[in-house]
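Enquirer: To start, I am sharing the structure in question, which I have written as structure tokens.
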């Protein structure tokens with residue numbers, strides 16, 4: 001069969017024919033795409049014409065379309081449905097791709113050709129393209145001498161190989177750590193639907209009977225809040241926090257080696273640490289500024305967490321264990337706010353949340369309409385797809401939803417782009433949201449937790465960022481913004497999950513259609529601060545762990561990663577024995593195979609903008625079209641076509657203030 005990737009797809013939006021694409025096709029397309037791209041770049045270098053914007057930077061943007069097409073399709077399917085054949089080729093493919101990036105950004109002649117163009121007369125997005133392209137080249141080592149470039153290539157290759165191995169072993173560790181229970185009595189507290197999902201997981205894993213609790217990526221497993229037997233909670237928690245520590249799927253040593261190599265690379269690039277390299281392209285002004293902000297929040301967060309632990313101990317009758325925290329925290333919420341999160345699930349049926357919640361908010365704010373379609377070839381039967389239309393009836397793009405967990409899917413939740421909204425290519429966006437909600441038994445409804453509802457709204461905020469992109473150039477389009485800005489639009493979209501104009505539309509009992517009991521919405525708002533001590537401390541622990549790994553000096557290899565974790569976190573004033581990190585080193589995919597190395601602080605950094613934006617929406621009438629239009633035009637559509645903080649000021653009218661975030665997190669001083 002001819003490789004479907006070698007030519008643009010004839011399907012709408014150039015949608016990939018996923019079922020027809022094999023692992024060999026991906027590998028062939030990437031290999032050939034690299035060759036074609038290299039030739040196109042040589043043509044830029046060898047041109048005898050005087051350098052112009054069109055024959056340098058625009059030509060650079062236009063180049064590599066086969067490689068781009070193949071990489072975007074592969075990136076979508078590998079993380080969401082990484083079958084054995086894809087996992088087998090992944091190390092080879094990643095090695096090819098990253099070596100090609102080195103070949104581009106370390107090409108002295110190409111860099112000199114680009115630098116030779118005088119961009120002084122350019123303005124707007126064109127000027128931004130020049131400055132960002134040259135910044136990327138310099139950050140990648142374009143100005144190093146040839147000996148240093150050779151060393152850099154070697155380091156990059158080793159880091160790529162280790163990252164790929166980390167990802168592969170982590171998936172194995174996730175599946176290996178799933179917890180098997182012989183009988184339902186051990187799982188008291190789970191709903192009938194949750195038990196059915198666990199039974200299905202056990203059969204799929206080869207067990208003739210019993211129940212299997214599979215893991216999600218973060219430390220805290222959702223079922224810890226409802227399992228009634230402490231020993232069952234202990235087993236699930238222990239499986240979660242020890243992933244990657246032992247056996248053939250041990251990832252800790254890979255993490256330590258990556259951190260050491262990144263430190264060596266940073267030194268070569270003229271920086272003290274890898275974190276300094278990352279911060280060079282961020283909105284945060286410096287590593288010291290990031291550290292100062294995190295340090296500012298730690299004491300109050302830990303104090304709140306200890307106070308919460310004392311409250312939980314009163315209910316449990318003894319000092320609280322980490323695996324009991326979620327269970328007794330839910331009990332406090334139930335007693336203090338009469339909220340039973342297990343019962344709440346019955347009001348959050350996935351389809352209704354999506355259609356009458358997530359989509360409804362987008363319609364109210366932006367005028368969007370969604371129509372499901374079934375005519376496009378998808379990479380897995382669980383994936384669904386919608387046409388997205390503007391209010392005037394024009395088609396904006398396509399949205400894919402892949403919501404259910406499976407063994408071939410990476411943990412967590414994310415947004416991805418199959419196509420981008422790029423004026424230079426006349427493309428319209430095709431974006432995906434991928435989650436890991438347990439799949440219900442056949443004929444049973446898919447019920448979501450409140451956290452999963454928030455995740456749906458969060459990831460759709462990323463989708464909107466991609467759908468609304470109005471840039472000309474791919475490298476500046478949509479979510480191609482600094483890492484510590486990219487979470488901001490998605491965090492803002494979470495505000496509509498409990499909004500009084502949205503919540504009643506989707507929070508309906510899946511059997512009776514009844515609305516949430518009177519006062520529940522207010523109780524949810526009142527309860528929002530309960531547990532913030534734990535949540536903030538859990539997050540800050542992960543952020544500090546990330547910075548610790550990536551602030552190591554060159555020449556330092558951590559011999560005992562678990563002891564290293566304990567030391568750096570306790571030195572920072574955190575309490576990992578009571579409030580463990582949201583991700584430990586053995587399963588911190590964000591930083592060891594996810595692009596967030598030295599960037600996990602981004603969530604709290606972006607939340608400053610988010611909380612300030614929520615305040616703006618509240619001050620200006622909330623869920624109104626004119627508010628949505630302003631947010632879309634001044635911020636969501638802009639991508640990186642101008643400095644994102646300029647876009648924020650254009651939207652907000654001033655720079656962001658931190659006070660709304662401190663109040664939200666329960667950290668404001670009395």
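Enquirer: Given a Förster distance of 56 angstrom, what is the FRET efficiency for residue 85 paired with residue 314, based on the Cβ-Cβ distance and rounded to 0.05?
Expert: 0.55
Enquirer: Students often get this wrong: which residues of region 339-355 have the backbone nitrogen under 16 Å from the point 7 angstrom along Cα-to-C-beta of residue 382?
Expert: From region 339-355, the list is 350-351.
Enquirer: Report the calculated FRET efficiency for residue 204 and residue 649 (r = Cβ-Cβ distance, R0 = 51 Å), to the nearest 0.05.
Expert: Working: r = 51 Å, r/R0 = 1.00.
Efficiency at R0 = 51 Å is approximately 0.50.
Enquirer: Let me ask something else. What number in nm² do you get for region 517-670 if you take the convex hull of its Cα atoms and divide its surface by four?
Expert: 13.2 nm²
Enquirer: If each of residue 525 and residue 424 carries a label point 7 Å out from its Cα toward its Cβ, how far apart are those two points in nm?
Expert: Between residue 525 and residue 424, the label points sit 4.6 nm apart.
Enquirer: With just the Cα atoms of region 345-528, tell me how far they stretch along each of the three principal axes, in Å, largest first.
Expert: Taking max minus min along each principal axis of the Cα atoms, region 345-528 gives 52, 35, 34 Å.
Enquirer: Region 253-406: Rg/Rh from Cα coordinates, Kirkwood Rh?
Expert: The Rg/Rh ratio comes out at 1.11.
Enquirer: Rule-of-thumb check for region 251-291: C-alpha Rg over 2.2 N^0.38 Å?
Expert: Compared with the compact-globule rule of thumb, region 251-291 sits at 1.26.
Enquirer: Can I ask one more? Taking R0 as 56 Å, what FRET efficiency do you get between residue 414 and residue 49 from their Cβ-Cβ distance, rounded to the nearest 0.05?
Expert: About 0.85, to the nearest 0.05.
Enquirer: Write down, largest first, the equivalent ellipsoid semi-axes of region 177-243 in whole Å, where each equals the square root of 5 times an eigenvalue of the alpha-carbon gyration tensor.
Expert: Taking √(5λ) for each Cα gyration eigenvalue gives 17, 14, 10 Å.
Enquirer: Same structure, new question: Could you give the length gained by full extension between residue 289 and residue 335, i.e. 0.36 nm per residue of separation minus their alpha carbon distance, to one decimal place?
Expert: Computed gain between residue 289 and residue 335 is 12.5 nm.
Enquirer: Helix 532-549 against the longest principal axis of the chain: what's the angle in degrees, Cα atoms only, rounded to the nearest 10?
Expert: Approximately 40 degrees, to the nearest ten.
Enquirer: In addition: Compute the acute angle (0 to 90°) between the alpha-carbon long axis of helix 65-80 and the principal axis of greatest extent of the alpha-carbon atoms of the chain; round to the nearest 10°.
Expert: It is inclined by approximately 10 degrees.
Enquirer: Alpha carbon centre of region 534-560 versus region 120-143: separation in Å?
Expert: If you average the Cα positions of each part, the centres end up 32 Å apart.
Enquirer: Alpha carbon centre of region 328-381 versus region 478-493: separation in Å?
Expert: Distance between centres, Cα-based: 21 Å.
Enquirer: What does the extension gain come out to for residue 148 and residue 228, with contour length at 0.36 nm per residue minus their alpha carbon separation?
Expert: 23.0 nm
Enquirer: Here are some values of Kirkwood radius over Cα pairs in Å: (i) 28.2; (ii) 29.4; (iii) 26.1. Which one was computed from this structure?
Expert: (iii)
Enquirer: Normalising by the residue count of region 177-243, find the relative contact order in percent from Cα pairs under 8 Å and 6+ residues apart.
Expert: That works out to 40 percent.
Enquirer: Using packing as a proxy for protection, rank 128-139, 73-84 so that the peptide with the highest average count of other Cβ atoms within 10 Å comes first. Could the numbers behind the result be given before it?
Expert: Details: 128-139: 17.3, 73-84: 19.8.
Highest to lowest by the protection proxy: 73-84, 128-139.
Enquirer: If one computes the Cα centroid of region 590-616 and of region 1-71, what distance in Å separates the two points?
Expert: 32 Å
Enquirer: If you line up the long axis of helix 325-337 against the longest principal axis of the chain, both from Cα atoms, how many degrees apart are they, to the nearest 10?
Expert: Helix 325-337 and the main axis of the chain meet at about 60 degrees.
Enquirer: Along its principal axes, what span do the Cα atoms of region 74-127 show, with the longest given first and each in whole Å?
Expert: In descending order, the Cα extents are 52, 26, 7 Å.
Bear in mind that the values in this text are calculations on the coordinates, not laboratory data. Small disclaimer: the values here were computed from a predicted structure and weren't measured. In this analysis, Cβ positions are derived from the backbone assuming ideal geometry, glycine residues included, and neighbour counts consider all displayed protein chains.
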